[in-house]
1. Report the extension gain between Leu25 and Ala403 in nm, rounded to one decimal, defined as 0.36 nm multiplied by the number of residues separating them, less their alpha carbon distance.
2. Give me the accessible area per residue for the chain, probe 1.4 Å, as a whole number in Å².
3. Viscosity 0.890 mPa s, temperature 25 °C: give me the Stokes-Einstein translational D for the chain in µm²/s, with Rh taken as the Kirkwood radius over C-alpha pairs.
4. Whole Å is fine, so just give me how far the alpha carbon centre of the range 286-349 lies from that of the range 167-227.
5. Any chance you could run the full-extension gain for Asn105 through Asp282? It's 0.36 nm times the residue separation minus the Cα-Cα distance, nm to one decimal.
6. Kirkwood-based Rg over Rh for the range 500-546 (C-alpha set), two decimals?
7. Would you mind checking the tilt of helix 370-382 against the longest principal axis of the Cα atoms of the chain, expressed as 0 to 90 degrees and rounded to 10?
8. Packing-wise, with mean Cβ within 10 Å as the measure, how do 525-537, 505-517 rank, highest first?
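The values are calculated or read from the model by the stated rules, or taken from the named source; none is laboratory data. Here the structure is a predicted model, which is why all the values come from computation and not from measurement. So basically every Cβ, Gly included, is an ideal-geometry build from the backbone, and we count neighbours across all protein chains shown. Ligands, DNA and RNA are excluded from the accessible area calculation, which covers all protein heavy atoms including side chains. Shrake-Rupley method; radii C 1.70, N 1.55, O 1.52, S 1.80 Å.
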Amino acid sequence: MKIQLLRTKEAGSTIALSMLVIVVLGGFVALAVDYTNNIGRNAQRDRIFNNAVEIGDGCISEAFAAWRQVCKASSIPNPPTSAFSGVPSPSPGNFPSFPGATIANYSVQAVDPLVTLSSSNPPTSALPIGSLPPQATGPGTGTFSYFYLASADVTMPSIGATTTTTLTAKVRRIFEKRYTSPWNWAMMYNGNLELHPDAGLNFNGWVHSNANVYVGNGSSDPAVTPASTLAFTDRLTYQGNYSVGFDPNDAPHAGYVNVATPTYDAGLPPGHEQYYSLFGWDTTKFNTTDGNSDNDGYHELVDKPSTPWVSGTPSPAGDPFKDQRIYNQAYNDPTADGKWGIVISVDGTSKMSIGYEGATYTSQPNGNSPQSSAWAAAAAAIGANASTGVVATSSIQDNRESATVRTVNFDVAQWMTKSLKDPFNGIIYINDTSANSTTHRAVRIVNGSTLPSTGLTIASPNPVYIQGDFNSGRTSTVEPPSNTGNPSNPDASGYTHVPASVIADAITLLSNSWNDSNSSAGLSSRIASNTTVNAALVAGNVASDGSHYSGGGENFVRFLEDWSSKTFTYYGSMICPYASTQGAGFWGSGNVYLPPTQNWFFDTKLSVDSSGNPVSVPGYVSTVAYLQQQRWYLQY
């Protein structure tokens, strides 16, 4: 009996213990289930939030695409917030995998460089909606930026512990529109850049190609290892590829088996860099097949538009580059700064007309008017008969073109003797309208050693010859040290060179010793003398085409004389954005020239003055470096 009772008690204790274990285990299971559910909900919320962030990032990408188009189409470099009011908001249909998503506070706003915002939601810029964003500049680089804030708040449904809630991701990104002066580069090519100098050539500034770079001098003799003639002391960059060798289209160098590697700074080897949109132009608007002559390419910079634009009037249809054209900048006042330029046109009969403040004159205006003053200055500068406007042209033999070229001679010294009544914007555009594929025309700049203190830009759709020193202060009795053995100083005593540029279809240098009567004689009659040029140069080239060599960057400036033992000293910045359409003769013809010793220097004065402030070369020519998405962040 006792034994049975004991067993009964033991059985009861076992059952109680089992029940306790079951209860405890059930509690653990419940806790585990609850913990797992919480983990699942948190993971789900994280996934939903991350999806919202991804949608917000997609919205920002759409805003960036719209912002780029507005910036490219804008006639001003820093459009205000109001310019982006038409940016379409993304709809849920843009994100079909997330039908419950909603998008709010979608905007692009102009902000100051510190992105100063109010505390409201959506955050609003401290700038009024119609205000232009201020310029943010670097320390003396000639580079500046404008900033914009893109916002998108994305809300997604989320399952909470007991009810359906929502999650919102507030995605923000800074857009930067950065302008970089083209005069930051010693040499900038839009197409392939070939550098194969026979004589020593040193670059002390940035060099860049938007395509491929081919470098190194070579030898066709397998037994000869050439010494390097090319050196870089600063950046060499490219958007395409880099080769120590020759362009496959460079047939004359096809047999060169040994190629010398250029010399570089050990800390600055050649490197890949982004494409630079020259002059800020939207290249998607280039079209050579639509019958529109105003959108064919970068050569539009110097071409006369089919419909000259006058400030304050509707924009000509089909001309996407009206603001940047040098012709329009000279013909009227697109910047509304109260200054003016001048257009000089010469036709096939040597008759001159001038364009001035949106009007054109084919004969001398009567009276003592600003127009009369402009006419007198133009007539004096190109030797026109003051009453009839008939220009005294001259002709030279250009052996590279294998042609006799009629030149309109622009005498800078004569221009400067005239008192111009209206403020001058520093731009002179000269066009011989009778040029065609068989009729060779050009502009020649003479007596240009001294320029106006405010600077000067001379532009032409024709080839341009620069005869003699340009912007060096040279006189008949005083040479700049650069012409007498000291290339470190390109200014004659008492003169400081000013910001200047020459922009043309092609640019050829005629030395201080050039004589027209010897132009058709042999090289022994065309002996050059030391010459200095201080100016930014924008011109075209003739690319290697499978039969000919382009001449390379070393022949960006062309020559027609025997420069043996003579020096060409250059301070400036060379830009090659297009192919020459008039000066289209191939490099490499016989009896053309013998190369000079070239002392080339990137002129930092083109980008900043002695105080580190950006310098404005007359004429709007800028290079857009970036339209980029900058830093990204979430607002909580």
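1. Contour length minus the Cα-Cα distance gives 125.7 nm.
2. Per residue, the chain has an accessible area of 43 Å².
3. The calculation lands on 86 µm²/s.
4. Answer, in whole Å: 29.
5. 60.8 nm
6. That ratio equals 1.06.
7. The helix 370-382 is inclined about 70 degrees to the chain.
8. Descending packing order for the listed peptides: 525-537, 505-517.
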